[in-house]
Amino acid sequence: MDLNENLIANAFAMTTHGTAKSGYPSFYDCVYHALAIQQNCDFITCDEKHFIKTHKKFGHIKLLKNV
């Protein structure tokens with residue numbers, strides 16, 4: 001699947017959810033998460049920090065340890 005403008009915009013928007021103290025989600029992880037949202041499925045991750053920063057606002061994410 002090619003990166004399209006909508007996917008990149010959604011991923012970039014996701015990178016702003018965090019704080020200077022705790023950090024922000026990486027663009028790399030956000031691209032995969034945005035792709036999961038676009039495909040109406042879940043992004044499975046081990047990254048608890050990414051999960052904490054994005055699950056309430058964006059959904060479509062599960063921690064591997066809970067799957």
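The values are calculated or read from the model by the stated rules, or taken from the named source; none is laboratory data. If you're wondering where the values come from, they're calculated on a predicted model, not measured in any experiment. Note: ideal-geometry Cβ built from the backbone for every residue, glycine included; neighbour counts use all protein chains shown. Note: accessible area is taken over every heavy atom of the protein model, side chains too, but ligands, DNA and RNA are not part of it. Shrake-Rupley method; radii C 1.70, N 1.55, O 1.52, S 1.80 Å.
Would you mind getting the Kirkwood hydrodynamic radius of the chain from its Cα pairs, rounded to one decimal in Å? Can you show the working numbers first?
Values: mean 1/r = 0.0844 Å⁻¹.
When all Cα pairs of the chain are included, the Kirkwood radius is 11.8 Å.
Note the full-extension length gain between residue 28 and residue 41 as 0.36 nm times their separation in residues minus their Cα-Cα distance, in nm to one decimal. Write out the running numbers ahead of the final one.
On the way: separation 13, 0.36 × 13 = 4.68 nm, distance 1.78 nm.
Stretched fully, the residue 28-residue 41 segment lengthens by 2.9 nm.
Let me know the number of lysine pairs in the chain closer than 18 Å at the Cα, not counting same-chain pairs under 8 apart.
7
When only Cα pairs under 8 Å and 6 or more residues apart are kept, what is the percent relative contact order across the chain?
Values: 74 pairs, mean separation 18.1, N = 67.
Result for the chain is 27 percent.
Find out how many positive minus negative residues lie around residue 60, taking Lys and Arg as positive, Asp and Glu as negative, among other residues whose Cβ is under 15 Å from that of residue 60. Each step should come with its number before you reach the end.
Working: positive: 53, 56, 57, 62; negative: 29, 42, 47.
That sum, taken over residues with Cβ under 15 Å, equals +1.
Per residue, how many Å² of accessible area does the chain show with a 1.4 Å probe?
Values: 4650 Å² over 67 residues.
Ligands and nucleic acids excluded, the result is 69 Å² per residue.
Would you mind checking which residues have amide H under 5 Å from residue 62's amide H? H placed 1.01 Å from N; only 5 or more apart, or other chain.
Those lying under 5 Å, H to H, from residue 62 are 43, 44, 45.
Work from the charge dipole of the chain (Cβ charges, +1 for Lys and Arg, -1 for Asp and Glu, about the Cα centre) and give the residue of 11, 34, 46 farthest towards its positive end.
46
State the extension gain, in nm to one decimal, for the chain segment bounded by residue 57 and residue 12, taking 0.36 nm per residue of separation less the distance between their alpha-carbons.
Working: separation 45, 0.36 × 45 = 16.20 nm, distance 1.40 nm.
Full-extension gain reported as 14.8 nm.
Once ligands and nucleic acids are excluded and a 1.4 Å probe is used, how much of residue 44 is accessible, expressed in Å² to the nearest 10?
So the heavy atoms of residue 44 present about 80 Å² to solvent.
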